[in-house]
Amino acid sequence: MAVEQAYAPKDFKSDLKPIWCPGCGDYGVVQAIYRALSAIGRPPHEIAFVSGIGCSSRIPGYTTAYGFNSVHGRALPIAQGLKLANPDLLVLVAGGDGDGFSIGGGHLPHAIRRNLDLTYIVMDNQVYGLTKGQLSPTSVRGRKTATSAYGSLEQPINPLLQVLSYGAGFVAQGTPADMVGLTALIEEAIRYPGFAFVNVQSPCVTYGEEHQQMRAQKAVMKSLASVGHDPADYLKALEWATHYTHDLHTGVFYRNPDPPPTYEQLVRERQAELGRNALPRERILELFVQRTEGGVLADS
Ligand SMILES: Cc1ncc(C[n+]2csc(CCOP(=O)(O)OP(=O)(O)O)c2C)c(N)n1
Ligand code: SF4
């Protein structure tokens, strides 16, 4: 007998009509998010969705969760603050490759090493879509764009290798060319108790190249499960991640089999340990002022 889901995918779909270009990969990503949230079963009011700025960053508005379409590159710090203030919320973060790896790139290692329980979904289309097709940090060398008329001279970054080496506990890659796979990855990322990263090869139909489109992806994509990859094997995950620029591997690259405590758990533990011995906020601020003014701390 089929188990009835408490919330159907349509319960996470807002009344706002997406204004993405027809055929944009992000339509598939938001559908996969609705389906994954339905499988998770938490009501929309227990979910907060934070994004930066870009075509992909419009996603929170297309859901019925609480949403914050924030500032370019600043989704992660806002999401961390939110999760820390209210750990009971399920917090999702979304944005583009420009938003996350260029202007917001400095936040990524720190969000990962802090390890709050967040799911970060990047729609990696290798271009700045919203601002009309400039070079992005994941554009391949030689790529001609509005800002690289003769072809890019820069080596692209490899987001999978980056997040693995920063220590993310869950790292996956999917594409809307495989909706079943993408939905499962997002659901698994949400269920992982810690920082989870999903890189989505979401085609930009307007500024992307032919070989990046859905039809081309379908012809070349290969699941990591089909090549026998064990997601608990960190070194093998690093090796598969090196293929990022020339192959399209989907699935879970790495899932930490022994997840460490999250930052919000550690903060709550510290609060419980200190209890009534914790300094009042006013005193902490006073000490901070003394310290920054070069004063001697008497009772810190
Ligand atoms: C501080 C700041 N700098 C630049 C911009 C302009 N801007 C808006 S979105 C964007 C890049 C979007 O590319 P990406 O994050 O890859 O998302 P996509 O639109 O491709 O989904 C830029 C440069 C801005 N809004 N704010
Ligand atoms: S410009 Fe590209 S990324 Fe933006 S909505 Fe259009 S197809 Fe999608």
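Screening the candidates Arg268, Arg276, Arg255 for the property of being over 28 Å from Pro156 (Cα atoms), of a type in the set (Lys, Arg) and surrounded by 14 or more Cβ atoms within 10 Å (Cβ to Cβ) yields one hit, Arg268. Number of residues in segment 95-116 that are touching a residue at least 60 places away in the same chain (Cβ under 8 Å) and of a type outside the set (Asp, Glu) equals 6. Checking segment 195-209 against the condition returns a match, with at least one residue being surrounded by fewer than 24 Cβ atoms within 10 Å (Cβ to Cβ) and more than 25 Å from Tyr34 (Cβ to Cβ). Restricting attention to segment 104-161 and to residues that are within 30 Å of Leu89 (Cβ to Cβ) and of a type in the set (D, E, K, R), the residue that is nearest to ligand 2 (Cβ to nearest atom) turns out to be Asp124.
Checked against (1) within 21 Å of Gly174 (Cβ to Cβ); (2) surrounded by 19 or more Cβ atoms within 10 Å (Cβ to Cβ); (3) among the polar types (S, T, N, Q), Gln31 passes all but condition (2).
For segment 224-282, what are the residues that are closer than 26 Å to His211 by Cα, in a helix (DSSP H, G or I) and charged (D, E, K, R)? Within segment 224-282, just Glu239 meets the criteria.
Condition test on Leu238, is it buried (at least 20 other Cβ atoms within 10 Å of the Cβ), assigned by TED's automatic domain parsing to the domain that holds Asp124 and touching a helix residue (DSSP H, G or I) at 6+ places or on another chain (Cβ under 8 Å)?
On the way: buried (at least 20 other Cβ atoms within 10 Å of the Cβ): no; assigned by TED's automatic domain parsing to the domain that holds Asp124: yes; touching a helix residue (DSSP H, G or I) at 6+ places or on another chain (Cβ under 8 Å): yes.
It is false that Leu238 is buried (at least 20 other Cβ atoms within 10 Å of the Cβ), assigned by TED's automatic domain parsing to the domain that holds Asp124 and touching a helix residue (DSSP H, G or I) at 6+ places or on another chain (Cβ under 8 Å).
Away from ligand 1 (no atom under 12 Å from the Cβ) and surrounded by fewer than 20 Cβ atoms within 10 Å (Cβ to Cβ): does that describe Ala36? For Ala36, the condition - away from ligand 1 (no atom under 12 Å from the Cβ) and surrounded by fewer than 20 Cβ atoms within 10 Å (Cβ to Cβ) - is not met. Among the candidates Gly294, Gly228, the residue that is at positive phi, at pLDDT below 95, exposed (fewer than 10 other Cβ atoms within 10 Å of the Cβ) and not acidic (Asp, Glu) is uniquely Gly294. Note on segment 180-227: among residues that are over 23 Å from Pro9 (Cα atoms) and in contact with a Lys or Arg (Cβ under 9 Å, 6 or more places away or on another chain), the one that is nearest to ligand 1 (Cβ to nearest atom) is Tyr207.
If I filter segment 210-225 down to residues being touching a residue at least 40 places away in the same chain (Cβ under 8 Å) and away from ligand 2 (no atom under 16 Å from the Cβ), which single residue comes out as surrounded by the most Cβ atoms within 10 Å (Cβ to Cβ)?
Filtering segment 210-225 down to residues touching a residue at least 40 places away in the same chain (Cβ under 8 Å) leaves 212, 214, 217-218, 221, 223.
Subsequent filtering for residues that are away from ligand 2 (no atom under 16 Å from the Cβ) retains 218, 221, 223.
On the way: Lys218: 12, Met221: 19, Ser223: 15.
Per the criteria, the residue is Met221.
Restricting segment 84-128 to residues that are surrounded by 24 or more Cβ atoms within 10 Å (Cβ to Cβ) and hydroxyl-bearing (Ser, Thr, Tyr), which is farthest from ligand 1 (Cβ to nearest atom)? Here the residue is Thr119. State whether one or more residues within segment 92-104 are in contact with a His (Cβ under 7 Å, 6 or more places away or on another chain) and assigned by TED's automatic domain parsing to the domain that holds Tyr27. Yes, the conditions are met somewhere in segment 92-104.
Given the criteria in the same structural domain as Asp178 (by TED's automatic domain parsing), within 16 Å of ligand 1 (Cβ to nearest atom) and out of contact with any helix residue (DSSP H, G or I) (no Cβ under 7 Å at 6 or more places or on another chain), does Ile59 qualify? Steps first, answer last, please.
Working: in the same structural domain as Asp178 (by TED's automatic domain parsing): yes; within 16 Å of ligand 1 (Cβ to nearest atom): yes; out of contact with any helix residue (DSSP H, G or I) (no Cβ under 7 Å at 6 or more places or on another chain): no.
No: the conditions fail for Ile59.
The values are calculated or read from the model by the stated rules, or taken from the named source; none is laboratory data. Nothing here was measured: the structure is a model prediction, and the numbers come from that model. Virtual Cβ from ideal backbone geometry, glycine too; neighbours counted across all protein chains shown.
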